[in-house]
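Read through the structure below, which is laid out as structure tokens, and then see the notes.
None of the figures in this text is laboratory data; all of them are computed from the coordinates on show. Predicted model, so just to flag it, every value in this text is computed and none were measured. Positions of Cβ are generated from backbone atoms using ideal geometry, with glycine treated the same way; all protein chains shown enter the neighbour counts.
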Amino acid sequence: MSTQKTWWGKRWPRTLEALGLSYPDSRIVRARALIRSGAVDDLLVEPGSITAWIDQPGRAYGVTIRIPPLGEAQWTVAAGALAGRTRSLADLLDDRLPEDVDRVLATVGLSLFPRDGELSIECPCSARGLCVHVITVSHAFADRFDDDPFLLPFLRGGDRARLLSDVRAAMSSIAPPPPPAPVGVAAGSLSAKGFYAVEDARDALTAWAG
Amino acid sequence: MPPKLLQATFLPDRTDPSRGRMAWWGGDDTAELARRRGLPEGEPGWIALALPDGPARTLARLVPLLQAVPALAALATGKQVSDSALVWRAAALGALGEDSALDGLAPLMPPAAHAVTLDGDTVWSAAELLAAFRHAVHGTYASPSKIPDALLAARERMAERVPVEAVPRPYQRHGIAWLGAVAEHRTGAILADDMGLGKTLQTIALLAGRSTTRPHLVVCPTSVVGNWAREIARFAPGLRIVRHHGPGRASEATAFAPGAVVITSYSLLLRDLALLSDVDWEVLVLDEAQQIKNHTGQTAKAARAVPARARIALTGTPVENRLAELWSIMDFANPGLLGPHKRFAKRFAEPIELRRDPGATARLRELIAPYLLRRLKSEVATDLPAKLESTVACTLTREQAKLYRKTVKGALDVGLGDGFERHGRVLALLTALKQICNHPAQFLGETEGPLTGRSGKLDRVTEMLGEIVDSGDRALVFTQYRKMGELLAGHLSAELDLPRVPFLHGGVSGTGREAMVDAFQDGSAPPILLVSLKAGGTGLNLTAANHVVHYDRWWNPAVEDQATDRAHRIGQTRRVDVHKLVTGGTLEERVAELLERKRSLADAIVGTGEEWITRLDDAGLRALVELSEVEVGE
């Protein structure tokens with residue numbers, strides 16, 4: 001059912017579960033149909049909110065999904081947590097949301113994806129609570145988010161440049177001391193027979209998991 | 001004997017640890033081995049290793065850590081992966097994850113993974129190299145590279161001392177400062193200034209300004225090898241030039257003296273690749289770099305195999321709008337900057353080309369901005385003269401070359417006789433050769449059938465006019481031949497999707513001409529007007545055009561200038577670009593050279609056009625018309 005390709009794109013529509021979405025729900029099918037027919041207009045992502053218009057015959061619904069931005073101090077803490085593992089930065093530089101971002105930020109009590117109670121929705125339609133319009137906007141956002149994972153930090157009040165520079169700054173502050181100047185070994189002392197492989201090392205190398 | 005499997009080691013940079021790189025080596029084609037394992041190809045470079053049978057200078061592929069580390073961490077293990085590659089996979093996993101994970105790795109490292117020469121006959125120990133790697137990876141990720149900002153700053157500066165015998169225009173001095181920074185940081189970039197803005201001059205200033213113990217290599221289409229040599233001799237007479245061209249070319253790298261500029265062609269790059277990649281070049285320049293726009297092509301592959309400190313690609317096409325082409329050219333100049341081809345397609349090409357995604361567009365622009373310099377004529381207009389002439393080099397197709405050789409041989413073998421008879425025969429030969437350069441269909445008198453792919457000149461002019469029309473400009477195209485004009489009219493309207501392309505020639509009535517001129521001037525006609533040189537060379541006012549193309553040459557500068565002045569005259573508010581098409585290796589090129597070299601003298605000897613040629617003796621004529629060894633297109 002999901003049309004998103006990345007783990008974060010697939011993850012986003014599930015945030016609506018906190019508002020009572022369960023499966024199967026025929027409204028998801030209708031939401032996808034609305035997106036395909038071009039009913040979503042002016043999708044706008046800003047720090048703290050996603051807004052869009054859903055055009056339906058005779059009426060347009062202005063939908064807002066809100067999620068609280070993180071404060072300055074929280075951003076610094078989040079960057080510090082991400083800086084603990086170089087892989088997070090490698091992923092971000094490659095325009096990918098680190099797969100363990102939830103787990104890493106949870107260690108400092110933070111989250112990029114909305115936690116229970118953080119998401120609030122507004123739609124002028126008559127349905128109570130979660131409606132097809134909100135589901136539609138949420139899916140439309142997920143489609144775009146799929147291509148640009150930095151929309152989530154943006155929604156939380158940061159952006160790509162800010163996040164990268166904060167994480168780098170945090171990494172710099174924990175830089176290990178440079179190693180001592182190398183002394184080297186005599187080229188003649190190297191094993192010619194074992195030049196390309198150390199005996200019995202292969203299994204350990206293959207199994208190495210980092 | 002190189003090992004069969006791809007080997008990996010780390011190559012530290014002891015002055016700037018964050019510039020340490022991974023080195024792949026082994027196999028006959030290391031780049032291909034890397035690609036098969038899903039690793040970045042990097043760029044070629046010589047490294048010193050201690051191999052079992054002694055120290056060896058090895059041609060490796062060098063990959064910046066930002067590209068190499070994530071790729072190593074994702075390397076699939078298997079029989080085809082060497083122990084040294086597995087070692088560095090483990091090291092990459094450790095460096096990206098928990099640092100402590102590197103403990104215990106050193107004893108598993110075979111010499112192949114660390115035997116990089118440190119000093120004389122000592123090499124790095126496994127533990128030392130691992131520690132240097134760990135430190136370099138951290139440093140590389142913690143502080144972004146300073147190169148992009150340095151390059152962006154350099155182009156805002158103007159080069160002060162410019163070591164060329166010319167007075168570069170201000171925008172050229174910005175370009176020279178930027179090129180200097182590119183070379184200084186040992187990186188690579190694309191100079192993509194509009195045609196006619198002096199990419200050659202800026203490049204020569206770069207080469208003349210480097211003090212180095214290495215030679216430079218310029219690779220260009222065969223048709224402009226001579227032009228490069230002449231321009232270097234003119235602007236930087238102190239630079240030593242080595243033409244690596246023709247049957248007498250060097251077969252030993254010792255011929256390439258330190259600081260010399262070696263000029264060669266794309267076809268010789270392919271043929272002499274072993275020799276050319278055995279040299280550690282200072283600056284490698286690819287002229288007309290759109291030649292490597294297909295990244296899987298032989299030429300692109302060869303260009304990526306030549307090691308150099310700095311790599312400059314020159315092209316006049318708007319590469320930033322042609323993402324596949326951009327990727328391929330940047331992958332030569334700055335390998336890995338745009339990521340692997342597939343990932344680039346997914347991350348940039350699809351979002352931008354299919355959805356006009358503003359986020360992806362901005363990200364790509366930010367990524368390439370430091371490494372791509374393109375100035376449009378319109379941007380530097382105040383720096384430019386009102387009329388800008390440029391020679392556009394074209395290449396013969398195989399069909400054209402065959403016809404050309406056959407025609408020359410036929411004429412010279414039979415003999416041209418003398419007196420009045422000779423006069424007529426020489427003129428007939430010239431006409432035939434010019435027709436062949438224009439298009440085989442003109443020479444053969446064909447009226448039907450597709451024209452594309454048979455004439456290098458026609459293909460080039462179609463491309464150029466396409467760009468001109470796309471940018472909303474208007475062009476006059478002059479030819480001496482009615483037949484060629486008719487071929488062009490049909491071909492251009494079909495290829496450029498124009499309802500028709502009008503042709504103003506001697507057979508058009510007076511009122512017909514007026515209507516054509518009016519419609520061209522007021523914009524109601526298509527943006528291209530073909531004009532026969534004889535019918536339209538004088539009198540007409542065609543200032544709506546800001547491009548003038550001379551499809552074939554009259555060889556009397558005065559006649560061409562008069563034609564050009566149909567657009568470049570009172571009432572013209574924009575600069576006029578004049579493009580003269582010249583087919584390399586043919587009499588067109590030789591006459592153009594003669595005119596350029598001895599412009600004043602030429603005025604005197606050339607007189608009214610082609611008469612002077614008929615007075616040459618057989619040897620002189622042969623030298624003028626015979627096809628030199630040329631790059632023949634497909």
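Each part gets one Cα centre, and for region B:493-527 versus region B:347-420 those centres are 26 Å apart. Candidate cross-link partners of B:Lys146 among the aspartates and glutamates, defined by an alpha-carbon separation under 15 Å and a same-chain spacing of 8 or more, comprise B:Asp16, B:Glu184, B:Glu366.
The packing ranking of peptides A:177-184, B:183-190, B:619-626, highest mean first, is B:183-190, B:619-626, A:177-184, where packing means the average number of other beta carbon atoms within 10 angstrom of each residue.
The length gained on full extension between B:Ser493 and B:Ser211, counted as 0.36 nm times the residue separation minus their Cα-Cα distance, comes to 96.4 nm.
How large is the Rg to Rh ratio of region B:147-383 when both quantities use alpha carbon positions and Rh follows Kirkwood?
My calculation of the ratio gives 0.96.
Paramagnetic label reach from A:Arg162 (point 7 Å along Cα→Cβ; backbone nitrogen cut-off under 15 Å): within region A:56-88, residues A:67-80. The listed peptides B:569-581, B:415-427, B:164-176, ordered by packing as a protection proxy, come out as B:164-176, B:569-581, B:415-427 (highest mean of other Cβ atoms within 10 Å first).
Label separation (B:Asp53 vs B:Asp149): 5.0 nm, computed from points 7 Å beyond Cα along the C-beta direction. Size descriptor for region B:263-403, Kirkwood hydrodynamic radius: 17.2 Å (Cα pairs only, one decimal). With a ≥ b ≥ c taken as the square roots of the eigenvalues of the C-alpha gyration tensor of region B:28-95, please select rounded if a/c is under 1.5 and otherwise prolate if a/b is larger than b/c or oblate if it is not? Prolate, because a/c is 1.5 or more and a/b exceeds b/c. Divide the volume of the convex hull around the Cα atoms of chain B by the residue count and you get 181 Å³ per residue. I need the calculated FRET efficiency for the pair B:Arg14 and A:Lys5, taking r as the beta carbon distance and R₀ as 35 Å, to the nearest 0.05. The calculated FRET efficiency here is 0.20. Counting only residues at least eight positions apart within a chain, or on another chain, the lysines with an alpha carbon under 16 Å from that of B:Lys534 are B:Lys483. Where both bridge residues fall in the protein assembly as shown, DSSP classifies roughly 45% of the beta bridges as antiparallel.
Greater than 28 Å separation of Cα atoms is the criterion. Which listed pairs, B:Lys377/B:Lys457; B:Lys377/B:Lys402; B:Lys199/B:Lys406, meet it? Violating the 28 Å Cα-Cα cut-off are B:Lys377/B:Lys402; B:Lys199/B:Lys406.
For the Cα trace of region B:132-222, dividing Rg by the Kirkwood Rh returns an Rg/Rh value of 1.06. Peptide A:75-85 shows a mean partner chain C-beta count of 1 within 10 Å per residue C-beta. Based on the reciprocal of the average 1/r between different C-alpha atoms, the Kirkwood radius for the protein assembly as shown equals 30.9 Å. Normalised by 2.2 N^0.38 Å, with N the number of residues, the alpha-carbon radius of gyration of region A:7-173 equals 1.09. The label-point distance for A:Glu17 and A:Glu99, in a model that sets each label 7 Å from Cα toward Cβ, rounds to 1.9 nm. The stretch between B:Ala250 and B:Thr296 holds 13.7 nm of extra length on full extension. This uses 0.36 nm per residue minus the Cα-Cα distance.
What Kirkwood Rh does region B:387-625 have if only Cα atoms enter the pairwise 1/r average? Answer in Å. With all distinct Cα pairs of region B:387-625 included, I get 18.5 Å. Mean partner shielding of peptide B:102-111, defined as the number of other chain Cβ atoms within 10 Å of each residue Cβ, is 4.
Report the FRET efficiency, 1/(1 + (r/R0)^6), for B:Glu366 and B:Thr511, where r is their Cβ-Cβ distance and R0 is 41 Å, rounded to 0.05.
0.10
Model label sites at A:Arg202 and A:Thr107, defined 7 Å from Cα along the beta-carbon direction, differ in position by 3.6 nm. Among B:59-71, B:445-457, B:263-275, sorting by the average number of other beta carbon atoms lying within 10 angstrom of each residue, highest first, gives B:59-71, B:263-275, B:445-457. Ignoring lysines fewer than eight residues from B:Lys409 along the same chain, the ones with Cα atoms less than 21 angstrom from its Cα are B:Lys434. Peptide B:88-96 shows a mean partner chain C-beta count of 4 within 10 Å per residue C-beta.
Computed 3J(HN,Hα) for region B:477-483, one whole-Hz value per residue from the Karplus formula 6.51 cos²θ - 1.76 cosθ + 1.60 where θ = phi - 60°, is 10, 9, 9, 8, 10, 4, 4, glycine and proline marked x.
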